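The values are calculated or read from the model by the stated rules, or taken from the named source; none is laboratory data. What you see is a predicted model, and the numbers here were worked out from it, not measured in a lab. Positions of Cβ are generated from backbone atoms using ideal geometry, with glycine treated the same way; all protein chains shown enter the neighbour counts. Surface accessibility is based on the protein's heavy atoms, side chains included, excluding ligands, DNA and RNA. Shrake-Rupley method; radii C 1.70, N 1.55, O 1.52, S 1.80 Å.
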Amino acid sequence: MSKDRYWRAISIDSISPDHFPSVALYLKSSGNYVLYKAPERMFTVEDQRRLERNFTEFLYVRSGDMELLNEFMESNLTEMLAREELSSMAKGRLLYQTAVNCVIDMFESPEESANLQRCCNIVQHMLQYAASDPHPLASLHTITNHNFYIFSHTVQVTALCLLVHERIYDLAPDELLDMGLGSLVHDYGMTFITNEVLDKNDALTDIEYYKVKQHTQKGYEYLKHSGKYGEVALNIVRYHHERYDGNGYPTGIKGDEIPRSGQVSALCDVYCALIMDRAYRKAISHAEAIRLMGEQTQKGAFNPQLFKQFAEIVNEQKLA
Ligand SMILES: [Fe+2]
């Protein structure tokens, strides 16, 4: 097992000076974790400035300390998001970090009621943030957390899915919540795939690709069986890799046979994957991602009308 599994990365922006619990923070240096702040010492504004000057983006926490940290961050989220001295960007990052921590636990036990409740709270905060900020995706766009690609990607997809659904459709609050939860676990089926395949930097063999494609159906079956997820959520998990022309998976259904939430999540999933660095390729810009997806739409991959609306919403976000 990689030693990285014992550590969780915490974005510097999400550590609020003078408001951080008694948890040790570590710096990663040449692959080793070096103590930066002992539990009893306060993290100060000076610390933040020093780290910023050194272009340090992340500090690390031992995974065993995460419960305390999560409890602290989640219970303080409402108050932190209301603080006037925090910039909108800092609030977005704080929300993002709290959501990533929550999703990591969700991937461990997606049927546990306490995790579902925590994720519901995160979705509510995301909706509020999206409603109060004219460019709610800007803070997410700058995040690159290589250690936790799947969790970072998940939170980006969720924020975008919520925004798109909220802007285009008149959904009832319960449906929006279900949609947010479904987005947070859309790749849960990846937990059934071995690390050997997931961490591979080279091209996948046909058999490996076949296994990866099963994440949609396997995630869907597991979560459906848990009885904790509604139809909208399950549709996202199952259909987020379907394509409008029928060339997707797992079922190959096409056109508007693909449930609406499946179509929206497919767009969000592709867009968010393109704008993030991967082990085998660099991220591309927002404009390039939209251009590429426009080409794919012309070839039949996405619903043209929906893509047009999607592109308008994302273009409004003033992303680089
Ligand atoms: Fe997926």
Any chance residue 146 is modelled with pLDDT under 90 and either within 14 Å of the ligand (Cβ to nearest atom) or of a type outside the set (Val, Ile, Thr) (or both)
yes
Considering only residues that are more than 15 Å from the ligand (Cβ to nearest atom) and not in a loop (DSSP other than H, G, I, E, B), look in the range 250-276 and name the one that is surrounded by the most Cβ atoms within 10 Å (Cβ to Cβ).
260
Would you mind finding the one in 247, 195, 201 that is over 22 Å from the mean Cα position of the chain (by Cα) and either farther than 20 Å from residue 265 by Cα or surrounded by fewer than 17 Cβ atoms within 10 Å (Cβ to Cβ) (or both)?
247
Quickly run through the range 1-56 and pick out the residues that are open to solvent by 90 Å² or more (accessible area, probe 1.4 Å), more than 25 Å from the chain's Cα centre (by Cα) and of a type in the set (A, V, I, L, M, F, W, C).
35, 42
Going residue by residue through the range 273-283, is there one that turns out to be without any contact (Cβ under 8 Å) to a residue 40 or more places away in the chain and more than 21 Å from the chain's Cα centre (by Cα)?
no
